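This report refers to the structure that appears directly beneath it.
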Ligand code: BDR
Ligand code: CA
C-alpha cells in the first residue's frame, strides 16, 4: 500500500497525544518527522512530552523543537492540559533526543528530501508552519495539503467572549499567513472536533488494550474532567486532523472562504467561515463540519489494539 507521507507539528497536549497514537499506528501513514511548537505549554515542555509519548508508543521518529513565541503578540498557554501540558498519565523518560536543528529546519529538510509532496498536520499553534512558509517559499509546491486542527465557524474558547479557537488565536498573524498560503487547507475546527467525543463511560474500555490503551484512558480521564456534566464526552480535537487522512469518508466537508480577523477589538483571532458565500471570496479551505463519531471511536480502539498486538509479539 502506498503510504501518505506526513509531518506532524504538535504541542502535546492530551488530544495531540491521541493524534500521535493514531498516526503512528496506521499503515496508511508514513510519519516522516514530528516538529514541536509552543502552545498548550512552552515548547520545552511540549517537546519533552512528545519524546515521552514516543517512548510509550515504542516509536522513533525525527523530532525537532520550534518556537513558543508568536510573531507579533505575547505567548499564551492553555490551562486544560495542566502544568506539564500532559498531566494525568504517568510518563516514562524519553528514549530518544530531539535533533540539533530547529523545527523549521527539520520541516524544510524533510520536505526538500521527499520524492513526493508532503502533507503537513498542525495540531497546535501555527507559528512553526508560518515561519517555515515564509522562510522557504520555494518549498510550498512540495506541500500537498495542510490537514490542521484549528478555527471554528460558530464558537471558540479563546479571546474576549470566547469567539476564537485556541490554536488559531494564540498567533493569529501566523494563522493568517497559513490560511493565505495558497496551499490546500483542511480545517478541523470546533464545528467537527466538538462532535469527535468519547463519552466518559467509554474511557474504561480503552484500558482493555494494553499499555497504550491505558495511556489513552488516562489521557481521557484527565482531559475530560472540565467537560463532565455539560458536554457529551471528551472532545479529541487533534485526532480529527489525522483521522481525516486515514478515513475521509467518515467526515463531511465544504470548500469555503475562511478569513482570520486580524484587528477586531474583541474578535481578533476568530475564523470567519463564509458558509453562505456572501463575501464573494474564492474558497481557501475545506472546512470539516461533521463526523461519524462511532467510526472515529472505533479507529482509536483499533489503533490501541495495534500497539497491544506488537507488545504481545515482543
Ligand atoms: C486545541 O487547543 C489545544 O489545547 C488542543 O490541544 C487543541 O489542539 C483545541 O482548541
Ligand atoms: Ca494541540
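Here are a few things to note about the model shown:
- Of the helices (runs of 4 or more DSSP H) lying entirely inside the range 32-145, those containing at least 3 residues that are farther than 24 Å from residue 218 by Cα and within 16 Å of ligand 1 (Cβ to nearest atom) are 127-135.
- Flag for residue 178 being under 14 Å from the mean Cα position of the chain (by Cα), in a helix (DSSP H, G or I) and either surrounded by 24 or more Cβ atoms within 10 Å (Cβ to Cβ) or away from ligand 1 (no atom under 14 Å from the Cβ) (or both): no
- Criterion applied to 232, 199 was being surrounded by fewer than 21 Cβ atoms within 10 Å (Cβ to Cβ), out of contact with any helix residue (DSSP H, G or I) (no Cβ under 8 Å at 6 or more places or on another chain) and modelled with pLDDT of 95 or more, and the one residue passing it is 199.
- Qualifying residue in the range 8-23 (condition: away from ligand 1 (no atom under 16 Å from the Cβ) and either touching a helix residue (DSSP H, G or I) at 6+ places or on another chain (Cβ under 8 Å) or under 26 Å from residue 174 (Cα atoms) (or both)): no
- Cβ pairs under 9 Å, 6+ apart, first in the range 78-107 and within 19 Å of residue 55 (Cβ to Cβ) and without any contact (Cβ under 8 Å) to a residue 40 or more places away in the chain, second more than 16 Å from ligand 1 (Cβ to nearest atom) and assigned to a loop (DSSP other than H, G, I, E, B): 99/62
- When 151, 161 are checked against the criterion of being more than 15 Å from residue 33 (Cα to Cα), in a loop (DSSP other than H, G, I, E, B) and either more than 13 Å from ligand 2 (Cβ to nearest atom) or touching a strand residue (DSSP E or B) at 6+ places or on another chain (Cβ under 6 Å) (or both), a single residue qualifies: 151.
- The range 242-256 - residue that is crowded, with 21+ Cβ neighbours inside 10 Å and more than 17 Å from residue 216 (Cβ to Cβ) and, of those, farthest from ligand 2 (Cβ to nearest atom): 256
Here is a yes/no grid of residues against (1) at pLDDT below 95; (2) at negative phi; (3) more than 14 Å from ligand 2 (Cβ to nearest atom); (4) touching a strand residue (DSSP E or B) at 6+ places or on another chain (Cβ under 9 Å):
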{"site": "5", "(1), (2), (3), (4)": "no, yes, yes, yes"}
{"site": "25", "(1), (2), (3), (4)": "no, yes, yes, no"}
{"site": "29", "(1), (2), (3), (4)": "no, yes, yes, yes"}
{"site": "34", "(1), (2), (3), (4)": "no, yes, no, yes"}
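The values are calculated or read from the model by the stated rules, or taken from the named source; none is laboratory data. Only a predicted model underlies this, so the values are computations on that prediction, with no experimental measurement involved. Cβ sites come from the backbone with ideal geometry, for glycine too, and all protein chains shown count toward neighbours.
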